[in-house]
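Rule-based calculations on the coordinates, nothing more; no lab input. No experiment lies behind these values; they were computed from the predicted model shown. Neighbour counts are summed over all protein chains in view; Cβ atoms, including those assigned to glycine, are modelled from backbone coordinates with ideal geometry.
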Amino acid sequence: MKRTLLAFLILAVGSTVFCALKQSTDRVQAQALKKEQAIKLQNQLLTQLQTEQRTLSEKFSQTRQLLTEQAPASALPQLAGKILSGVASTNLSPVESEQLLAELGLNWNTTGEYVIVSKKSLDGISFAGLTGTQLTSVAKAALAITPTEAAAIEAMTRQLGDARDAWEREQVQRTEPSGDVLAQYTLPSDPDLARQQLSAFTNGIVDALGTQRAKWLQEHSLQWMMDFGLLTGPEASDVPAAYQSAFADMISQHQHQPTVLTLKRYQAGSDDRISFSLQQAGNTMSTDVNPWQPFPQAFRGIFPGGWADLAQREGFELPKSFQKK
């Protein structure tokens, strides 16, 4: 009986040990299989990367060969370095600007009826920005003003002109003619109206064109602003700050002066002639009255027909040149 029990125990222990050894062997084989698969995958990736590297090396060699075979570019290393370094194009010398335009294929004939110039060039070009309440064709072209932008600006200048005309008719002062004086009219200075209208004009063109183009339009419209009463004294914006104090007394003396139009008759040989003088914003101009001399814009609201309206109002005859016109 004891022998049978001992044999049974030995058999049970042996079975248990065998099962444990088999499970351990299975785990080891599974882990070995996983490592083998991982190594195989890594080898495949390595092979793929090596292939891609060879392809890129071949492309690099081909590209370098093509660049070597091409004709050398034009010798402008200094200009290219200057531009690529971030130096503004406005700092290029005239020679460098010409070289840059040549490299870009831009010359006198490239754009047909147009020429390409730097924005800085506009500072040295003289043209009138406005005439009456209309933008000039030169201003539209030079500043690339679109029809929509022009319509907005001219609607604003018409409003300013209408308001100015109404103020002129209300405020104008007439001096009774005497001696050789045929007519004299005076418009008092109104700094508040001038500041109000100058602000409206400035804001209007900035809204339509943006700051940069609006600045150029305003700089080319100083005479228009003076004629329309937006400026009541000398323009000192171009005077260096260091010297402005020296001009303070002169500017103060001429600011807020009335605008005076005076017509006088004088004899030139056997001809009767008429001269006129216009005192405006600290300036005075004098010349003969003739059909080709524009009527002062400052008094257009009072005399829409110009010289003819003024002569009819004051009861004198205009020179014979008006009859030949």
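Residues Ser93, Ser126, arranged from fewest to most other Cβ atoms within 10 angstrom of their Cβ, appear as Ser126, Ser93.
Reported to the nearest whole Å, the Cα centre-to-centre distance from the stretch 256-325 to the stretch 113-149 is 31. How would you classify the stretch 262-325 from its alpha-carbon gyration tensor, with a ≥ b ≥ c the square roots of the eigenvalues: rounded for a/c under 1.5, else prolate if a/b is greater than b/c, otherwise oblate? Taking the square roots of the gyration eigenvalues as a ≥ b ≥ c, the stretch 262-325 is oblate. Descending by average beta-carbon neighbour count within 10 Å, the peptides 297-303, 286-292 line up as 297-303, 286-292, the highest first. Here's how it looks for Leu182: its modeled amide H is under 5 Å from those of Leu263, Lys264, Arg265, which are all 5 or more places away or on a different chain.
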